[in-house]
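First comes the structure, then the notes that go with it.
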Amino acid sequence: MNDPKAAPKYESILLRVLWMLVFVLVWQVAQFMLGALVVVQLIYRLIYAAPNLGLMNFGDSLSQFLAQIGRFGSFHSEQKPWPFADWPTPRAPEGEAAHSVPAAPHPARDEEPKL
C-alpha cells in the first residue's frame, strides 16, 4: 500500500511548491524594481537625450532574472534562479547608443606630490 518511491517524489514536489511561493514574492519585488527602473530610465533619456548604460545593463539582467523565475515556476526548468544560479549577464544593447559620462579627474591623484 505504501510505495517507498512515492514518498521522495511527494517531498520533492512540496519543496518545489515552497520555492515557487518564495519566488512569487521575489517576482513581485523584482517587477516593482523593473517598473521603477523604466521610469528612471525614461527621465534620464528625456534629460540627456540618450539612455544610461548602467540602467540598460541592470534592466536587461533583471528582465532575464524574471524570465528565469517564470521558467522555474512553469516547470519549464528545474534550475532555480539567482541566488542558486549565477546572476544573468546583460546582453549587448540592441537599441540606441547609451549616454556616456567621462570619468571625473580625481584631484588628489592628478596633482603633483607635495614635498
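Nothing in this text is a laboratory measurement; each read-out follows from the coordinates by a stated rule. What you see is a predicted model; the values in this text were computed from it and never measured. Ideal geometry is used to build each Cβ from the backbone, glycine not excepted, and the neighbour counts take in all protein chains shown.
Here are a few things to note about the model shown:
- Among Val40, Val29, a tally of other beta-carbon atoms within 10 Å of each Cβ gives an order, fewest to most, of Val29, Val40.
- Kirkwood analysis of the range 23-90, using all unique Cα-Cα pairs, places the hydrodynamic radius at 12.8 Å.
- Exposure proxy for Lys80, Lys9: other Cβ atoms within 10 Å of each Cβ, ordered fewest to most, give Lys9, Lys80.
- Computed extension gain for Arg91 through Tyr48, at 0.36 nm per residue and net of the alpha carbon distance, reaches 13.2 nm.
- Separation of the Met33 and Leu21 label points, Cα + 7 Å toward Cβ, nm: 2.3
- Taking other C-beta atoms within 10 angstrom as a stand-in for reagent exposure, His99, His76 fall in the order His76, His99, fewest first.
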